[in-house]
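No lab work stands behind these numbers, since they all come straight from the coordinates. Since this is a predicted model, take the numbers as computed values, not measurements. Neighbour counts are summed over all protein chains in view; Cβ atoms, including those assigned to glycine, are modelled from backbone coordinates with ideal geometry.
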Amino acid sequence: LFTDVELAAPVVIFQLTADYKADPSDKKINLGVGAYRTDEGQPWVLPVVRSVEAQMAIDPLLNHEYLPILGMPSFCEAATQLVLGKDSPAILQNRAGGVQSISGTGALRLAAEFLFRFYNKREKSTAVYVSSPTWGNQTAVFKNAGFTDHRTYRYWDADQCALDYKGMLEDIENAPEFSIFILHGCAHNPTGLDPSHEEWIGIAEACKRRNIFPVLDCAYQGFASGDPDVDAWSTRKFVELGFELLVCQSFAKNFGLYNERIGNLCLVMRDSPTLSRCRSQVELIVRAMYSNPPNHGARIVATTLSNPALKQEWLDNLHTMASRIKAMRHLLHSKLRSKGTPGNWDHIITQIGMFSYTGLNASQVEFLRKRHIYLLSSGRINMCGITTSNIDYLVESIHDAVTS
Ligand code: LMR
């Protein structure tokens with residue numbers, strides 16, 4: 001029955017991790033998958049997460065009963081407040097609400113499924129735009145939900161290693177009316193390059209003129225600046241400008257909860273009855289897809305965000321991660337500069353968040369691979385893979401890759 005099923009290509013980013021793990025070299029460096037590492041190159045369980053988990057383990061009132069289909073209400077509320085701000089008029093008017101999701105990818109999947117059923121124009125598929133380049137899974141998720149018209153908008157100017165703001169605006173202006181645009185709320189993956197506030201306003205105004213439906217993919221809130229409010233600026237601006245929209249939140253990076261798969265799909269709708277109807281439809285989507293979500297990650301996030309002392313501890317932990325990334329950016333930049341490595345490396349310090357789009361080309365990446373340094377062929381590096389112990393070997397190798 002299945003003998004003619006073709007072997008699927010491996011998922012590049014996960015294959016990269018497997019290759020790195022299998023490499024016996026003591027020089028190896030993993031700059032691939034977006035996961036935080038300490039300066040010792042180790043995964044970090046946030047201290048606040050450790051203490052909340054310890055409390056949870058001895059709480060006799062906690063059990064393993066099913067959660068509601070739409071998730072843990074206290075989690076959905078806390079997550080929605082985190083991204084929109086607790087005084088957001090959309091929350092106060094009861095027209096914004098969350099649905100617990102299987103991390104950020106799950107939120108995107110719910111968004112895509114919901115939009116395909118209730119927004120997609122029946123006779124002709126609605127165009128779905130992603131940035132060029134983008135995180136590869138966005139288009140795959142929207143394809144799997146049934147969308148067929150996939151397009152890109154200009155984002156990265158490879159010559160300048162800067163945002164192609166003019167190109168982006170032109171692509172919005174030329175998009176079919178009512179297209180869906182997937183925007184990165186902060187810390188753009190893979191480039192680490194975000195529009196300025198002024199540019200965001202220009203983008204939002206262009207989206208308004210074309211009646212664009214925005215989906216904000218917000219997987220790195222707090223990771224860029226260390227302050228979740230600062231990183232939510234663009235999302236809040238779109239809400240303030242009156243858009244109906246969806247926000248896909250992940251707590252993988254900012255809580256270090258990678259495998260708990262905890263996220264939130266935040267819906268901002270025109271009014272409260274519309275929100276209720278839309279959430280009721282998402283409920284049916286969830287029920288038929290995976291019935292109801294897991295509770296461990298939701299409990300950790302909800303407990304932390306709803307307790308002022310724990311929240312402060314989380315903010316401190318977040319600050320620790322964001323600061324280490326910034327420090328590595330500056331160190332990498334200054335070491336490449338002092339070595340005289342050809343090229344302008346300033347983008348490394350103007351970019352933000354977990355990733356840097358280095359500008360290294362595929363053959364330079366190949367060269368680095370032979371030196372046991374693992375990164376995506378696009379030249380994206382995870383800044384967290386850099387440590388004070390491996391940076392000299394990395395700089396020397398980048399220098400050789402660029403000059404060979
Ligand atoms: C990444 O971009 O490295 C992460 O978001 C992990 C993933 O699932 O691709």
Diffusion coefficient in µm²/s returned for the chain by Stokes-Einstein, Kirkwood Rh over C-alpha pairs, 20 °C and 1.002 mPa s, is 97
Which order do Ile102, Ile381 fall in if you start with the one that has the fewest other Cβ atoms within 10 Å? Ile102, Ile381
Which log10 I(q)/I(0) values, to two decimals, does the range 280-362 give at q = 0.12, 0.20 Å⁻¹ under the Debye formula with one point per Cα? -0.66, -0.91
FRET E, pair Asn344, Lys370, Förster distance 41 Å, beta-carbon r, rounded to 0.05: 0.95
Which one, Ala327, Phe255, Leu216, projects farthest toward the positive side of the charge dipole computed for the chain from Cβ point charges (K/R +1, D/E -1)? Leu216
Can you work out ³J(HN,Hα) from phi for every residue in the range 369-375, in order, using Karplus 6.51 cos²θ - 1.76 cosθ + 1.60 and θ = phi - 60°, giving whole Hz and x for Gly and Pro? 4, 5, 8, 6, 10, 9, 8
Run the numbers for Tyr290 and Ala57: contour at 0.36 nm per residue of separation, minus the present Cα-Cα distance, in nm. 81.3 nm
For the chain, calculated [θ]222 nm from helices alone, where every DSSP H run of n ≥ 4 adds -39500 (n - 2.57): -14000 deg cm²/dmol
Over the range 73-306, the quotient of the Cα radius of gyration and 2.2 N^0.38 Å is 0.94
With +1 at each Lys and Arg Cβ and -1 at each Asp and Glu Cβ, the charge dipole magnitude of the chain around its Cα centre, to the nearest 20 debye, comes out at 300
GNM on the chain, C-alpha springs below 10 Å: top fluctuator among Ala187, Ala252, Ala145? Ala145
For the range 98-204, convex hull of alpha carbons as volume per residue, Å³: 112
About the Cα centre of the range 9-84, how large is the charge dipole given +1 on each Lys and Arg Cβ and -1 on each Asp and Glu Cβ? Please answer in debye to the nearest 20. 220
Can you give me the Cα centroid spacing of the range 209-248 and the range 344-404 in angstrom? 29
Provide Phe243, Phe2, Phe238 in ascending order of the number of other Cβ atoms located within 10 Å of each residue's Cβ, fewest first. Phe2, Phe243, Phe238
How would Thr191, Thr350 line up from fewest to most surrounding beta-carbon atoms within 10 angstrom? Thr350, Thr191
Write down Rg/Rh for the range 248-404, rounded to two decimals, with Rg from the C-alpha atoms and Rh from the Kirkwood relation over Cα pairs. 1.12
Global size of the range 1-158 as Cα Rg and Dmax, reported in angstrom: 21.0, 57
